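One structure is given here, and the rest of the page talks about it.
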């Protein structure tokens, strides 16, 4: 088991780390063609309680898809297991462990938290108790700690809908942090982590599985879903990241929200985001007040998209960013 990254670790416990070159920035440009293996039907499991689907997307990769919450990815090897994102509550984290145990009894050695939102790391405690080493980009770790009370508060409706006690949520910070790149070697597989700049927020981490020609994305991408605009420091940078993602030589994209996707889905989201941003910028340039924008800007072409109901919040967030350059949620 070996981890490598290009910059000094902020915090590391029990993990060997050494320097890696700059080759992770575009990690799929030199890949040889690999045939994508589709999942057998028998490898899929659906929970009637919560609508969770735990499906095999490659011989050693599993994708936990939950439309009403957040997703996870599990790599299963002969030497152990790697997990991306641990879901929204310790009970959901334990549920993911239980699903993994139906596939393998190998130890869970690595957990990657892809970004700071609580629905992607509040499930950390049972994984830490199982002995996993938790990894995140350094800004993700910083924001996890900074906004923990706000993250618990904004997930109150979710906890109530599931009968979950928010007091059971305990902050478990990463054991290892990285700046821009890190590679984990496990069971003959290479998993590449790359931070290419902020998208939906600082710390957005891409996770590449070269052997399967797949990439996991953070909340900066979700198919046909209105993205939360309250955290991004730059919509322009976000759009550039989406362009990079759409151009990557991969077969499948595994998003943090929404089902398995392709580059076509990424281009569709980028077009929507550019449209929304340009429209709000134009309204501000014309002197339209926020109140009038909320009454006027309806974007009916996206009314069938997921999260369309939070449009007013998105417009408010864009007004804040464009007019002040600040992100109140992160203060």
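So which of 171, 196 ends up being surrounded by 18 or more Cβ atoms within 10 Å (Cβ to Cβ) and either assigned to a loop (DSSP other than H, G, I, E, B) or modelled with pLDDT of 95 or more (or both)? Break it down into steps so the answer makes sense when it comes.
On the way: 171 fails: surrounded by 18 or more Cβ atoms within 10 Å (Cβ to Cβ).
Unique residue meeting the criteria: 196.
Just the residues that are touching a residue at least 24 places away in the same chain (Cβ under 8 Å) and part of a helix (DSSP H, G or I), please, taken from the range 126-141.
Across the range 126-141, the qualifying residues are 126, 127, 128, 138, 139, 140, 141.
Only one of (1) surrounded by fewer than 24 Cβ atoms within 10 Å (Cβ to Cβ); (2) in contact with a helix residue (DSSP H, G or I) (Cβ under 9 Å, 6 or more places away or on another chain); (3) in contact (Cβ under 8 Å) with a residue 24 or more places away in the chain fails for residue 165. Which number is that?
Residue 165 satisfies all of (1) surrounded by fewer than 24 Cβ atoms within 10 Å (Cβ to Cβ); (2) in contact with a helix residue (DSSP H, G or I) (Cβ under 9 Å, 6 or more places away or on another chain); (3) in contact (Cβ under 8 Å) with a residue 24 or more places away in the chain except (3).
State whether the residues of the range 44-57 include one that is under 17 Å from residue 96 (Cβ atoms), part of a loop (DSSP other than H, G, I, E, B), touching a strand residue (DSSP E or B) at 6+ places or on another chain (Cβ under 8 Å) and modelled with pLDDT under 95.
yes
Do we have residue 121 as in contact (Cβ under 8 Å) with a residue 60 or more places away in the chain and buried (at least 16 other Cβ atoms within 10 Å of the Cβ) here?
Taking the combined requirement at face value, the residue does not satisfy it.
Based on this model, can you work out whether residue 177 counts as buried (at least 23 other Cβ atoms within 10 Å of the Cβ), in contact with a helix residue (DSSP H, G or I) (Cβ under 9 Å, 6 or more places away or on another chain) and more than 20 Å from residue 257 (Cα to Cα)?
On the way: buried (at least 23 other Cβ atoms within 10 Å of the Cβ): yes; in contact with a helix residue (DSSP H, G or I) (Cβ under 9 Å, 6 or more places away or on another chain): yes; more than 20 Å from residue 257 (Cα to Cα): yes.
In short, yes.
I need the helices (runs of 4 or more DSSP H) fully contained in the range 232-314, keeping only those with at least 2 residues that are out of contact with any helix residue (DSSP H, G or I) (no Cβ under 8 Å at 6 or more places or on another chain) and more than 28 Å from residue 139 (Cα to Cα).
In the range 232-314, 263-285, 290-296 are the helices (runs of 4 or more DSSP H) which contain 2 or more residues that are out of contact with any helix residue (DSSP H, G or I) (no Cβ under 8 Å at 6 or more places or on another chain) and more than 28 Å from residue 139 (Cα to Cα).
Among the residues in the range 87-105, are any in contact with a helix residue (DSSP H, G or I) (Cβ under 6 Å, 6 or more places away or on another chain), crowded, with 21+ Cβ neighbours inside 10 Å and outside any helix (DSSP H, G or I)?
Among the residues of the range 87-105, at least one is in contact with a helix residue (DSSP H, G or I) (Cβ under 6 Å, 6 or more places away or on another chain), crowded, with 21+ Cβ neighbours inside 10 Å and outside any helix (DSSP H, G or I), which makes the answer yes.
The rows are residues; the columns are (1) under 15 Å from the mean Cα position of the chain (by Cα); (2) under 24 Å from residue 74 (Cβ atoms).
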{"site": "165", "(1), (2)": "no, no"}
{"site": "180", "(1), (2)": "no, no"}
{"site": "190", "(1), (2)": "no, yes"}
{"site": "193", "(1), (2)": "yes, yes"}
{"site": "205", "(1), (2)": "yes, yes"}
{"site": "210", "(1), (2)": "no, yes"}
{"site": "216", "(1), (2)": "yes, yes"}
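If residue 153 satisfies every condition in (1) assigned to a loop (DSSP other than H, G, I, E, B); (2) under 26 Å from residue 51 (Cβ atoms) but one, which is the exception?
Checking residue 153 against (1) assigned to a loop (DSSP other than H, G, I, E, B); (2) under 26 Å from residue 51 (Cβ atoms), the one that fails is (1).
Residue under question is residue 217, and the condition is that it be touching a residue at least 12 places away in the same chain (Cβ under 8 Å), surrounded by 18 or more Cβ atoms within 10 Å (Cβ to Cβ), under 22 Å from residue 112 (Cα atoms) and in contact with a strand residue (DSSP E or B) (Cβ under 8 Å, 6 or more places away or on another chain); does it hold?
yes
Pairs please, first residue from the range 292-315 and without any contact (Cβ under 8 Å) to a residue 12 or more places away in the chain and on the phi > 0 side of the Ramachandran plot, second anywhere and outside any helix (DSSP H, G or I) and surrounded by fewer than 16 Cβ atoms within 10 Å (Cβ to Cβ), Cβ atoms under 9 Å, 6+ apart in sequence or on different chains.
none
Test residue 254 against the criterion of being in contact with a strand residue (DSSP E or B) (Cβ under 6 Å, 6 or more places away or on another chain) and crowded, with 20+ Cβ neighbours inside 10 Å, and give yes or no.
Judged against the criteria, residue 254 is a match.
The values are calculated or read from the model by the stated rules, or taken from the named source; none is laboratory data. Fair warning: this is a prediction, and the values are worked out from it, not measured in the lab. Please note: Cβ atoms are built from the backbone with ideal geometry, for glycine as well, and neighbour counts cover all protein chains shown.
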